[in-house]
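Asker: The following block contains the structure, expressed as structure tokens.
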Amino acid sequence: MAGGDQHDHFERMCEYAPVVELVGRWWNGLWGRRVRRDVLLMREVRGHVAARNGDADSGRVLRWSYATEEEAREMVSRLLQANGPGEWQQSDVAEGARPPFE
């Protein structure tokens, strides 16, 4: 995707998933096709975790669904503990009052 914004591509990729709320977002602080990694915790009726390896144009995306936020956060922890380049940083996400997964 020449000339397009990386984030636009990732958001379009998620348009077809019925995501209601982005609960948490982490990235390893590195830019580039081979080293960037993203982990997202999303809430709908079930919790969804998405992990992207690489940049928005060529990165692979894996997704998991969980019945509870605790299960989803356990997967996020496992993903953040995996070996890889960079240092994980949490991106800004509103942390106000949130209903639990139901």
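Asker: Against the condition within 16 Å of ARG25 (Cα to Cα), of a type in the set (Lys, Arg) and surrounded by 15 or more Cβ atoms within 10 Å (Cβ to Cβ), how does ARG52 come out, does it pass?
Answerer: yes
Asker: Also: Tell me the residue from GLU74, GLU44 that is in contact with a Phe, Trp or Tyr (Cβ under 9 Å, 6 or more places away or on another chain) and free of Cβ contacts under 8 Å to residues at least 12 places away in the same chain, please.
Answerer: Of GLU74, GLU44, the one residue that is in contact with a Phe, Trp or Tyr (Cβ under 9 Å, 6 or more places away or on another chain) and free of Cβ contacts under 8 Å to residues at least 12 places away in the same chain is GLU74.
Asker: Is it the case, given these coordinates, that ARG73 is under 14 Å from the mean Cα position of the chain (by Cα), assigned to a strand (DSSP E or B) and of a type in the set (D, E, K, R)?
Answerer: no
Asker: Which of the numbered conditions does PRO99 fail, given that it passes all the others? Conditions: (1) at pLDDT below 85; (2) not in a loop (DSSP other than H, G, I, E, B).
Answerer: Answer for PRO99: the failing condition is (2).
Asker: Still on this structure: Under the condition of being modelled with pLDDT under 80 and of a type in the set (A, V, I, L, M), which residue from segment 1-44 is farthest from ALA67 (Cα to Cα)?
Answerer: My answer is ALA2.
Asker: Cβ contacts < 8 Å: first residue within 14 Å of ALA51 (Cβ to Cβ) and surrounded by 10 or more Cβ atoms within 10 Å (Cβ to Cβ), restricted to segment 78-92; second residue modelled with pLDDT under 85 and not small (Gly, Ala, Ser), any location; separation 6+ or different chain. Result?
Answerer: LEU79/VAL49
Asker: Among the residues of segment 55-91 satisfying the criterion of being modelled with pLDDT of 85 or more and among the aliphatic types (A, V, I, L, M), which is nearest to ASN28 (Cα to Cα)?
Answerer: LEU80
The values are calculated or read from the model by the stated rules, or taken from the named source; none is laboratory data. Since the model is a prediction, treat every value here as computed from it, not as a measurement. Don't worry about glycine lacking a Cβ; one is built from the backbone with ideal geometry, like all the others, and counts go over all protein chains shown.
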